[in-house]
């Protein structure tokens, strides 16, 4: 019988990658994600896979491009400054339609910033993980169990639509420990990859995996085709959890670690008779506009809570589209807001002084 | 549980060394001992003894920590005051980083341990996934011995599954610790149990087991 074990979020990501059939990991150490690399460095060789600590983040992401182009499940992980370094490679991967999984265990920024947890890479993950017209699929776990569950989902979705997928976590989720249940047998979904450059034995025309197009019209055609896939992702892959939103007058929108804080604040507000609720985006791209839409009619106002100066709040405003006021509360630089602070904001919005 | 006046706490990453060390320090401080607790963790960014400095100092406990512990920096540097613990008359509790990587720092102090009367505890948790078998736990112990040049003098069974810990979990943990004891010849100094669990009931069920009630300090509040 499968049994629960205690894992740090970073370890859960590593174990989940193995169970999702990932046998090619290329990384470079950085706090606070290093336990993920350390875990895979121990376990990957026992599974006959490749764990490679590259000479830099740039090298690691380009190894992901190379491995992914052959059709295998390739993964890399880093934390904020390292993702910035990987961004050129991520753009090339998106431009080459290569599926892969990229983990970002966010820390405070900008620059070298801080090793403490943060959510200030939302814009980077959802708007501009690199140059050019492209999107990546972004998942935001809020428990260690979800850290475990989302790796296979990220690989499956990446392969289904031939896009890079990112798990946008943060240092707190990476470092904290919770009981996790893995299934006894993990089933790996495999799909045909007729595009993969995996050796043709002269039995078929050779495949080219590439992001360079000689003619402008060819590049435009390719990008437009890619955006048609993005529309399918937006239609099919939005995920969110709604908590006490049925009669909510104040709807908090928060993901990852700040959604845990916000959930506690919602419980505290309810205990004081304030009708608060929480929408927790699970996919950050595509942003779960449908879940927001369901609450717009009943809500009096929205409050985005983030560990940043306010980034996701833009997407909340776009989804609400001026129909209700949207405000923001956040802490940044490696500080996690407390439930009491969030409750204070809820009370202000409810017209009850904190 | 009787321990020497100098206690080194080692173990696998995330097995509960810090929470145990804090409990131990508070227990001795309550008994009226002058206590120094040492955060000797150079590998772990969060959930470390120095995060609890204010609370510990309010109980009169001296806290010695790496220069940049509990800050935004990832710079492993030890303060000169860390050498003072070897001449201390206080109860000294040293909370070391996890695994062999975290214990490497002990190697630097190894000459200081010669002639010192100390206990070195090896903390185990049956429910940490990389040390879930006695053999795996012994493997990590051997790695810690190799890098530190020191040998544990006893085991602390800290097996738990956080909020899901019940009598069944405790029982499994005890069996696990006993196996490690048999494999290593080390005495089980104590089995920790959260203070809100039924110590009387467990003592009845395991009459020969030394239980050590602990409070949870290392946790998140949401």
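The values are calculated or read from the model by the stated rules, or taken from the named source; none is laboratory data. Keep in mind that what you see is a predicted model, and the values were worked out from it rather than measured. FYI the Cβ positions are ideal-geometry reconstructions off the backbone, even for glycines, and counts take in every protein chain you see.
Residue-by-condition table, conditions (1) at positive phi; (2) modelled with pLDDT of 95 or more:
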{"residue": "B:23", "(1), (2)": "no, yes"}
{"residue": "B:28", "(1), (2)": "no, yes"}
{"residue": "B:33", "(1), (2)": "no, yes"}
{"residue": "B:37", "(1), (2)": "no, yes"}
{"residue": "B:49", "(1), (2)": "no, no"}
{"residue": "B:57", "(1), (2)": "no, yes"}
{"residue": "B:60", "(1), (2)": "yes, yes"}
{"residue": "B:73", "(1), (2)": "no, no"}
{"residue": "B:78", "(1), (2)": "no, no"}
Out of (1) without any contact (Cβ under 8 Å) to a residue 60 or more places away in the chain; (2) out of contact with any helix residue (DSSP H, G or I) (no Cβ under 9 Å at 6 or more places or on another chain); (3) within 14 Å of another protein chain (Cβ to nearest Cβ), the one residue A:55 does not meet is (3)
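Out of region A:37-49, which residues are closer than 13 Å to residue B:130 by Cβ and either in contact with a helix residue (DSSP H, G or I) (Cβ under 7 Å, 6 or more places away or on another chain) or away from chain B (no Cβ under 12 Å) (or both)? Before the answer, list the steps.
The initial filter retains those residues of region A:37-49 that are closer than 13 Å to residue B:130 by Cβ, namely A:38-43, A:46.
Listed by number, the residues that qualify are A:39, A:40, A:43.
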Got a sec? Which of B:119, B:99 is within 14 Å of chain A (Cβ to nearest Cβ), under 27 Å from residue B:88 (Cβ atoms) and touching a residue at least 40 places away in the same chain (Cβ under 8 Å)? B:99
Is it the case that region A:63-72 has a residue that's in contact with a helix residue (DSSP H, G or I) (Cβ under 9 Å, 6 or more places away or on another chain), part of a loop (DSSP other than H, G, I, E, B), surrounded by fewer than 21 Cβ atoms within 10 Å (Cβ to Cβ) and at pLDDT 95 or above? no
Test residue A:159 against the stated conditions and say whether it is over 26 Å from residue A:235 (Cβ atoms) and surrounded by fewer than 24 Cβ atoms within 10 Å (Cβ to Cβ). no
Select the helices (runs of 4 or more DSSP H) contained entirely in region A:89-177, then report the ones holding at least 2 residues which are over 12 Å from the mean Cα position of the chain (by Cα). A:144-161, A:171-175
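Test of understanding: among A:93, A:83, which residue is touching a residue at least 60 places away in the same chain (Cβ under 8 Å), more than 14 Å from chain B (Cβ to nearest Cβ), closer than 21 Å to residue A:158 by Cβ and in contact with a strand residue (DSSP E or B) (Cβ under 8 Å, 6 or more places away or on another chain)? Explain how you work it out, then say what you get.
Values: A:83 fails: touching a residue at least 60 places away in the same chain (Cβ under 8 Å).
Only one candidate qualifies: A:93.
Step by step: first the residues of region A:162-198, then only those that are closer than 19 Å to residue A:104 by Cβ and within 14 Å of chain B (Cβ to nearest Cβ), then the one that is surrounded by the fewest Cβ atoms within 10 Å (Cβ to Cβ). Which residue is that? It would help to see each step written out before you state the result.
Taking region A:162-198 as the starting set, the residues that turn out to be closer than 19 Å to residue A:104 by Cβ are A:163-176.
If we keep only those that are within 14 Å of chain B (Cβ to nearest Cβ) as well, we get A:169-176.
On the way: A:169: 31, A:170: 33, A:171: 29, A:172: 27, A:173: 29, A:174: 33, A:175: 24, A:176: 22.
Per the stated criteria, the residue is A:176.
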Extreme residue, surrounded by the most Cβ atoms within 10 Å (Cβ to Cβ), among residues of region A:242-290 that are free of Cβ contacts under 8 Å to residues at least 60 places away in the same chain and part of a strand (DSSP E or B): A:251
